[in-house]
Amino acid sequence: MMIFAKNGLILLILKLVLNSCNGDRIKDRMYIDVKASTSCFRRFNATHQVGCSSQRGGANGVIHFCTKESDLHFILKNGTAGPYVPIVPASLLTEKSVKLLKLSPKVSGLVVYPNNETLNSFTHDLKCPNENFAVPNTCGKNEITWNPRGTGLLFQDIGFPVFFIDLYEDVTSVKECFQKFNNFSYDTQRDRALCSIQLNSFMYGAKNTPTCIRRSNIATNLNPMRVCDPLGSKNVWASLFPLATYNNETEEVKPILGQKYIVVASRSDAASLFDRTVGAESPITGLVTLLAVAKILKQLLPQNKNYTTNVLFILFNGESFDYLGSQRIVYDMERGNFPVETENGTSVFLPVIKAKDITLFIELSQLSRGDGHVFIHRYKLDRWNTRFTDLLKINSHSSLTLATSDGTLPPSSVHTFIRKYQNLSTLVLANHEREYSNRFYNSIFDNSTNINFRYFNRSDELVPIDSIQYHLVAIANTISKSIYQEVTGVRYEDGDVDLFELVNELLYCFLEDQNCKLHQVVGKIPQKQQDQPLNLYVGVDGNTNDAVTLIGFILGWLTGDIVGESNQNCTNISKNYAFRFYNMSVDMAHLNVTKCFRMVMNFTDAVSPAFIIEGYDWSSNLYSSWSESTWGDMNARLFLKPSAAQESMVMAVGSISIIFSFLIVYFIKSRSDILFCPTATQPSPVDC
């Protein structure tokens with residue numbers, strides 16, 4: 001009985017001990033995670049590094065909640081418990097304040113949060129975006145500065161981690177921690193525990209692209225981990241009419257030669273100081289207008305009736321970083337590798353398209369309402385762009401005010417083509433004449449609010465006539481009718497094509513919810529973050545983002561042809577670079593009714609030629625050379641930093657304990673023969 005009682009007592013004690021242990025490590029229980037939604041990271045070009053990085057293991061600092069610039073000056077001048085991590089509103093993230101913080105040894109990081117006050121501007125691109133690869137004298141001359149509010153922080157080496165927190169709950173918890181432990185008796189901060197934060201965003205790459213790429217080369221690096229990757233993704237192209245003939249019986253494909261092309265182009269990427277982009281004004285307004293133009297032209301011109309001119313739709317990727325997408329297409333055109341790579345400049349599937357085959361290049365830039373004008377930028381006047389300008393004015397929607405701006409060229413992919421082909425006829429349509437009306441260009445605040453977008457998902461809702469949807473539809477109809485007249489030689493006399501529902505859904509898909517009708521139509525619903533806007537950052541080579549795939553298939557759906565019933569045989573039809581076959585919904589109202597679509601759409605590499613040219617001279621500045629550092633986990637977490645006296649005391653006690661432990665061990669070992677009685681050993685038995 002006593003044995004059972006004893007065993008039961010032991011089991012009870014073990015159970016209580018096990019129940020009291022939840023498996024958390026002490027170091028993990030010291031921190032409170034802060035859901036910092038995005039962080040600044042590091043990129044490189046041929047000569048410099050830009051962006052942010054923490055130290056390996058993270059940057060620690062005492063938090064100081066700031067609401068105005070004087071709060072920053074206070075800790076830099078009077079802070080006694082540094083290093084500090086200022087928590088600042090977005091309005092304080094300026095070139096002046098960052099420069100001030102970079103010069104101070106008291107700052108180890110920075111956290112930015114959105115505040116309720118109205119921001120006048122928030123754009124950290126350059127005042128002259130992509131100025132190193134632009135046509136000379138198109139910015140900074142003749143009182144033209146396209147992005148006058150730009151701080152240039154996107155292209156500065158900041159040197160410490162910068163995080164952005166947009167969740168109200170996390171901002172509140174950080175502020176409460178600051179108020180409870182830090183926001184009093186600043187002269188005695190060193191004498192008490194302080195609320196602090198750890199920002200972990202260590203970047204493995206350093207210095208510049210040539211150095212970083214060399215270090216990533218496994219053949220010359222004992223550590224096989226890459227430290228950086230080239231920026232890059234995919235360009236998207238599609239044509240109004242097929243570029244080849246297709247025999248349904250034999251599946252034989254032959255290229256259609258001798259065509260001329262009108263190019264309708266836009267960009268599909270955006271950038272930001274932080275690892276998140278929306279790009280409502282730039283590029284989505286231009287991108288959505290292009291998709292609407294594709295839909296209208298497909299409706300007006302369903303077949304090629306021996307027209308000598310085709311329409312080529314191109315969406316360039318990576319244009320925020322020195323036009324890398326358009327640079328690659330120009331490079332491929334020069335070598336006979338567009339729209340498909342060839343061995344000897346000829347293709348058995350598609351015609352080889354070169355710049356000389358382009359009669360007119362129309363680029364759709366930022367096209368929100370702005371001040372109500374749509375400006376037609378013509379860098380050089382010629383008969384093609386002059387005639388098309390006249391067509392635009394003839395076919396202009398009554399709600400639009402068209403104006404020409406000659407001799408000007410805003411940042412656009414056109415720069416890449418004109419630098420190589422000066423006689424190419426070009427037009428850039430934008431809502432600005434000499435400076436952006438977009439005060440949030442290439443920033444996290446270029447969102448749906450910036451273009452006054454409201455999603456109308458009920459048929460009984462009253463839509464204002466000045467909505468962004470109607471505005472983009474009007475522009476699309478004006479452009480489409482003009483292209484129709486250019487292709488056919490006949491003016492389109494019927495009324496406008498009503499595309500409000502399409503434009504409304506496109507804006508909703510790109511700006512608010514990825515799980516939208518259009519993505520269901522093409523069967524390409526993203527698997528992650530469906531309730532978040534699409535991220536339009538170009539990314540790195542070999543990792544095409546969801547946005548590019550979705551944009552490509554929407555363009556293919558809008559310009560495609562129904563060739564049969566939806567079945568497994570549709571996707572089994574022989575594929576090549578000329579045609580793609582997919583099962584897709586017939587329209588947004590009948591998602592369950594699918595047909596077999598034949599699309600004349602495909603992707604090309606949007607990776608700078610600098611990364612594919614063997615022995616490329618990085619100092620030549622011929623091509624974009626941007627790369628991105630690799631990193632591990634990015635996280636931010638709060639903890640309570642002990643006072644300096646407590647840290648010193650812990651250090652002293654620890655040091656004394658170590659010294660005493662060494663002395664005790666030495667003492668015991670040196671007198672072990674006295675302290676421990678030797679055990680008498682019995683001799684082993686020996687057989688005699």
(message) If you count only protein heavy atoms with a 1.4 Å probe, what accessible area per residue comes out for segment 175-313, rounded to a whole Å²?
(response) 40
(message) Just want to confirm a number: the relative contact order over the chain, from Cα pairs under 8 angstrom separated by 6+ residues, in percent.
(response) 20
(request) Can you check how the C-alpha radius of gyration of segment 126-194 compares to 2.2 N^0.38 Å, as a plain ratio? (result) 1.94
(request) For the chain, with all protein chains present and a 1.4 Å probe, just round the carbon and sulfur fraction of the accessible area to a whole percent. (result) 52
(request) Read phi for every residue in segment 145-155 and hand back ³J(HN,Hα) as whole Hz from Karplus 6.51 cos²θ - 1.76 cosθ + 1.60, θ = phi - 60°, with x for Gly and Pro. (result) 9, 5, 10, x, 8, x, 8, x, 4, 4, 10
(message) How long are the semi-axes of the equivalent ellipsoid of segment 131-288, defined as square roots of 5 times the Cα gyration tensor eigenvalues? Whole Å, largest first.
(response) 48, 25, 21
(message) Taking the Cα centre as origin and putting +1 on Lys and Arg beta-carbons and -1 on Asp and Glu beta-carbons, what dipole magnitude results for the chain, to the nearest 20 debye?
(response) 1520
(request) Work from the charge dipole of segment 183-268 (Cβ charges, +1 for Lys and Arg, -1 for Asp and Glu, about the Cα centre) and give the residue of G258, V236, A206 farthest towards its positive end. (result) A206
(request) Kindly state, as a whole number, the per residue volume in cubic angstrom of the convex hull around the alpha carbon atoms of segment 281-412. (result) 145
(request) Report, to the nearest 10°, how far helix 324-334 tilts away from the longest principal axis of the Cα atoms in the chain, using its own Cα long axis and a range of 0 to 90°. (result) 50
(request) Order these peptides, 95-105, 253-263, 271-281, by their mean beta-carbon neighbour count within 10 angstrom, highest first. (result) 271-281, 253-263, 95-105
(request) Classify segment 415-509 as rounded, prolate or oblate from the Cα gyration tensor: take a ≥ b ≥ c as the square roots of its eigenvalues, call it rounded if a/c is under 1.5, otherwise prolate when a/b beats b/c and oblate if not. (result) oblate
(message) Using only Cα atoms and rounding to the nearest 10 degrees, what angle (0 to 90) does helix 285-300 make with the longest principal axis of the chain?
(response) 40
(message) For segment 544-688, what does the accessible surface come to per residue with a 1.4 Å probe? Please give it in Å².
(response) 60
(message) Going Cα to Cα from K175, which lysines come in below 17 Å? Please leave out same-chain ones fewer than 8 positions away.
(response) K35, K68, K641
(message) Just checking my list (i) 29; (ii) 35; (iii) 49 against percent of Cα pairs over 44 Å apart computed from this structure; which label fits?
(response) (ii)
(message) Suppose every Lys and Arg Cβ carries +1 and every Asp and Glu Cβ carries -1, with no other charges. What dipole size does segment 61-102 come out with about its Cα centre, to the nearest 20 debye?
(response) 100
(request) Quickly estimate the mean residue ellipticity at 222 nm for the chain, helices only: each DSSP H run with n ≥ 4 gives -39500 (n - 2.57), and the total goes over all residues, rounded to 500. (result) -9000 deg cm²/dmol
(request) Count the net charge of all other residues whose Cβ sits under 13 Å from the Cβ of N142, scoring Lys and Arg as +1 and Asp and Glu as -1. (result) -2
(request) Straight distance only, please: which aspartates and glutamates reach the Cα of K207 with their own Cα at less than 12 Å, same-chain residues fewer than 8 apart left out? (result) D157, E628
(request) Using only alpha carbon pairs under 8 Å that are at least six residues apart, calculate the relative contact order of segment 450-609 and give it in whole percent. (result) 16
(message) For the ranges 634-645, 122-133, what's the packing order if you count other beta-carbon atoms within 10 Å of each residue, average per peptide, and put the highest first?
(response) 122-133, 634-645
(request) Enumerate the lysines that K380 could reach by cross-link, defined here as Cα to Cα under 26 Å, with residues fewer than 8 away along the same chain left out. (result) K127, K141, K260, K354, K356, K393, K420, K481
(message) Restricting everything to alpha-carbon atoms, can you work out Rg to Rh for segment 559-646 with a Kirkwood hydrodynamic radius?
(response) 1.36
(request) Add +1 for every Lys or Arg and -1 for every Asp or Glu among the other residues with Cβ under 15 Å from the Cβ of L499, and state the total. (result) -2
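The values are calculated or read from the model by the stated rules, or taken from the named source; none is laboratory data. Just so we're clear, the structure is a prediction, and the values are computed from it rather than from any experiment. So basically every Cβ, Gly included, is an ideal-geometry build from the backbone, and we count neighbours across all protein chains shown. Calculation scope for accessible area: heavy atoms of the full protein, side chains included, ligands and nucleic acids excluded. Shrake-Rupley method; radii C 1.70, N 1.55, O 1.52, S 1.80 Å.
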